Amino acid sequence: MGNDDMDDCIFCMIASGKIPCAKVAEDDSFIAFLDINPINPGHTLIIPKKHVETVFELGKEEFGSLFEMSRRLSGPIQKAMAAKKMGVVIEGFLVPHAHIHLVPLNHGGELSFSRAKKAEAKDLAMIAERIRQQL
């Protein structure tokens, strides 16, 4: 993949700080932030900072670290959103940059992108802060 592709990738721009996000957590390799079109409030995306199209293109260590960050964040997200369960989705059709969706759930059948709705930046900032307080 050429550099031009990465320059056009919205997730690469978020990871580099060129586009703001409601950040939940970050380390040297990954960043977690709230989806601007959440299925449910607290819907979090976890992405590698380096551009790869799918999670299956990550090396063994990176792949494990991505899922470890997902595991580590699931409890605080669930607690902050008072959710009964946490859903996980990896599909990657909308943005061609590896990412995991962590979605707080309260009922069966909620884990559908047809339920996603645009969220207000102020609401995302408030939710991100609630989650960070649980870390």
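The values are calculated or read from the model by the stated rules, or taken from the named source; none is laboratory data. What you see is a predicted model, and the numbers here were worked out from it, not measured in a lab. When we count neighbours, we look across all protein chains shown, and the Cβ atoms used for this are built from the backbone with ideal geometry, even at glycine.
Take segment 83-96 and flag every residue that is among the aliphatic types (A, V, I, L, M), assigned to a loop (DSSP other than H, G, I, E, B) and in contact with a strand residue (DSSP E or B) (Cβ under 8 Å, 6 or more places away or on another chain). The answer is A83, I90. Scanning segment 97-135 for residues that are part of a helix (DSSP H, G or I), within 27 Å of S65 (Cβ to Cβ) and not polar (S, T, N, Q) gives F113, L124, A125, I127, A128, E129, R130, I131, R132. Of all residues assigned to segment 56-72, none qualifies as being within 19 Å of A121 (Cβ to Cβ), out of contact with any Phe, Trp or Tyr (no Cβ under 9 Å at 6 or more places or on another chain), at pLDDT 95 or above and not in a strand (DSSP E or B). Can you find even one residue in segment 55-63 that is more than 23 Å from Q133 (Cβ to Cβ), aliphatic (A, V, I, L, M) and out of contact with any Asp or Glu (no Cβ under 6 Å at 6 or more places or on another chain)? Yes. Is it the case, given these coordinates, that I31 is in contact with a Ser or Thr (Cβ under 7 Å, 6 or more places away or on another chain), buried (at least 19 other Cβ atoms within 10 Å of the Cβ), modelled with pLDDT of 95 or more and outside any helix (DSSP H, G or I)? In short, no.
Considering only residues of segment 69-126 that are hydroxyl-bearing (S, T, Y) and touching a residue at least 12 places away in the same chain (Cβ under 8 Å), which is surrounded by the fewest Cβ atoms within 10 Å (Cβ to Cβ)? Out of the qualifying residues, it is S112.
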